[in-house]
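Reading through the structure tokens given below for one structure.
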Amino acid sequence: MTNQKPVRGFLFACTDKSEAECLSGLLFATKRFYGPIVIRIRKGDLIFLNNIKTDKLFGVFKAITNGGINLRPNAFNGKYPYQVKVKPVGDIIEKTGAEKLLGKHAIKRNRPLIGKGLIKFLEGFVSIDEQLKLAEGQEGNKPNKSILKQIDILRKGNMEIDIEEEIPLIESTTFWDFPKQSYGLTPKGDNKYAGVTPALIIYNLIWRYTQPGDLVVDPMCGSGTTIDVCKAEKRKVKGFDISPPRPDIIQNDARRIPLKDNSVDMIFIDSPYGDNIKYNGHLDNIGNISSESAEFYDELEKVMAECKRILRDGKVLGWLIGDQWVKNKFTPVGFKIYERLSRHFEPIDIICVNRRGQSSNTGIWHNRARRFNFFLRGFKYLIIVRNISEEPRPKKARKVEWAYYQRGQK
Ligand SMILES: C[S@@+](CC[C@H](N)C(=O)[O-])C[C@H]1O[C@@H](n2cnc3c(N)ncnc32)[C@H](O)[C@@H]1O
């Protein structure tokens, strides 16, 4: 086994408009929502280009840089900032019927080719005759020879799997439901930590509102999920907690954050929802205060004011919060937190996150909820707000054009 990192294969797309620039500039590029795939590309990985208009596939290319942002900022008129520089492996081969071919190998933009799957796909670029010639040690023709050499290197190389089978795409609706706490090959936070956050919530926020290299802060970081997600997605990160369970989290009270004004690109907070969970015995833990009391919101509002102070203008805060129902009393914690947040920030949206993994998610509790006529908490709110400077922004005129459909017509 060599020490070389395993080689993976990635697919880029182009149209007739961008094909020439891709092939002449040897720079493949895409939009932000495929950013999570591009930043996982390493120098030496293999790349294919699909013209989705002509159904052609071009290959084989090798990445000569890691995937990144704005490697050539003016390329494609700045429309496609996530980029990788490539060089062809031998002559460029052009194949028709790309959709069928990609379907046969179950290749999608967010499903990298790995191990034997990559070898099999590469073999598709080389004729059977050429493969036989290679097996017999004979010389082949030039374009195929380089690919065959590449196949040989792959066969002898590191076949370890070090990338997700499917890289998550960002959510498109305001309802998010993640079956598992983590994603990818490494844990994100500690799924045994009481109140741990589903990692894909943070993943979605950072891919929508930050870019690689930006600084993300979590002032109530618990088991460190935000730190682990940010590292995997190439963001800078600082995590604080009143009682940190691991050494890379800085002990700090979120009501006084030791960071400069206007210095942070995004904040994520999954705060206590009241005193329903015993996080730790620290006296300054806001999770010791009941969400039925005004004090709970007053203390969290101090955290909000600190977030506003450290966030750059126009940047985003995501706050995860759930309601409370205890002993026949409902407390709309989410609405109350929203009301406090809206004193300091401009709303962007509210996401409903399916509340899985609750300790009350058992047959007994579901039965009780039906028998005693109450509801178990089924969702949390992810409140997304933006920091705005005190100066009101000039509002752009909005003209909404609804699509009205006629009713009652066949
Ligand atoms: C819901 S947990 C956060 C979970 C975390 N996102 C994770 O994935 O592990 C809330 C955290 O807030 C912390 N906390 C409570 N009061 C705090 C305070 N005054 N300052 C900083 N952290 C505080 C608790 O210690 C707890 O770890």
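Bear in mind that the values in this text are calculations on the coordinates, not laboratory data. This is a predicted model, so every value here is computed, not measured. Glycine gets a Cβ as well: all are built from the backbone with ideal geometry, and neighbour counts include every protein chain shown.
Among Lys17, Lys145, a tally of other beta-carbon atoms within 10 Å of each Cβ gives an order, fewest to most, of Lys17, Lys145.
When only Cα pairs below 8 angstrom with a gap of at least 6 residues are kept, the chain shows a relative contact order of 11 percent.
Antiparallel beta bridges, as assigned by DSSP with both residues in the chain, represent about 65 percent of the total such bridges. Helix-only arithmetic for the chain: the sum of -39500 (n - 2.57) across DSSP H runs with n ≥ 4, divided by the residue total, places the mean residue ellipticity at 222 nm at -7500 deg cm²/dmol. Annotation: average projected area of the range 175-386 is 11.5 square nanometres, based on the convex hull of Cα atoms across all directions. Going 7 Å from the Cα of Leu71 in the Cα-to-Cβ direction, what parts of the range 87-101 have a backbone nitrogen less than 12 Å from that spot? Label zone hits: 87-88. Converting phi to 3J(HN,Hα) with the Karplus coefficients 6.51, -1.76 and 1.60 and the offset θ = phi - 60°, the range 236-244 yields 7, 8, 10, x, 10, 7, 5, 9, x Hz in sequence order, with x at every glycine or proline. In this label model, Tyr297 and Ile388 are separated by 2.1 nm, measuring between points 7 Å along each Cα→Cβ vector. Taking 0.36 nm per residue of separation and subtracting the current Cα-Cα distance, fully stretching the chain between Asp248 and Lys120 would add 41.8 nm. Close amide H contacts of Lys315 (hydrogens built in the peptide plane, cut-off under 5 Å, sequence separation of 5 or more or a different chain): Asn387. Pairwise Cα separations in the range 9-156 fall into 5 Å bins from 0 onward with the following percentages, short to long: 2, 10, 20, 23, 21, 13, 7, 3, 1, 0.
Take the chain, drop everything but the C-alpha atoms, weight them equally and run the Debye formula without solvent; then report log10 I(q)/I(0) at 0.14 Å⁻¹ to two decimals. Scattering profile of the chain, log10 relative to I(0): -1.20.
For the options Arg368, Arg208, Arg72, a Gaussian network treatment of the chain with springs between C-alpha atoms closer than 10 Å singles out Arg368 as fluctuating the most. Peptides 175-182, 250-257 ranked from most to least packed by the mean count of surrounding Cβ atoms within 10 Å: 250-257, 175-182.
Basic side chains Lys and Arg get +1 at the Cβ, acidic Asp and Glu get -1 at the Cβ, and with that the dipole of the chain about its Cα centre reaches some 720 debye. Which stretch or stretches of the range 348-375 have amide N atoms under 19 Å from the point lying 7 Å from Lys278's Cα along the Cα→Cβ direction? Taking a point 7 Å out along Cα→Cβ of Lys278, the residues of the range 348-375 whose backbone N falls under 19 Å are 359-360. In nm, to one decimal, how far is the Asn262 label point from the Arg377 one, both placed 7 Å along Cα→Cβ? So the two model labels end up 3.7 nm from each other. Applying the Karplus relation 6.51 cos²θ - 1.76 cosθ + 1.60 with θ = phi - 60° to the range 245-252 yields 3J(HN,Hα) values of x, 9, x, 7, 9, 8, 6, 6 Hz, where x marks Gly and Pro. Taking amide H atoms as placed 1.01 Å from N in the peptide plane, the amide H of Ile348 lies under 5 Å from those of Ile384, Val385, Arg386, each 5 or more residues away in sequence or on another chain. For the chain, excluding the exposed loop sites themselves (GluC sites (Glu not before Pro), DSSP loop, at most 15 other Cβ atoms within 10 Å), the longest remaining stretch covers 1-135. Once the Cα atoms are used to define both axes, helix 16-25 deviates from the longest principal axis of the chain by about 70 degrees.
For Leu113, the amide hydrogen comes within under 5 Å of the amide hydrogens of Gly9, Phe10, counting only partners 5 or more places away or on other chains and with H modelled in the peptide plane.
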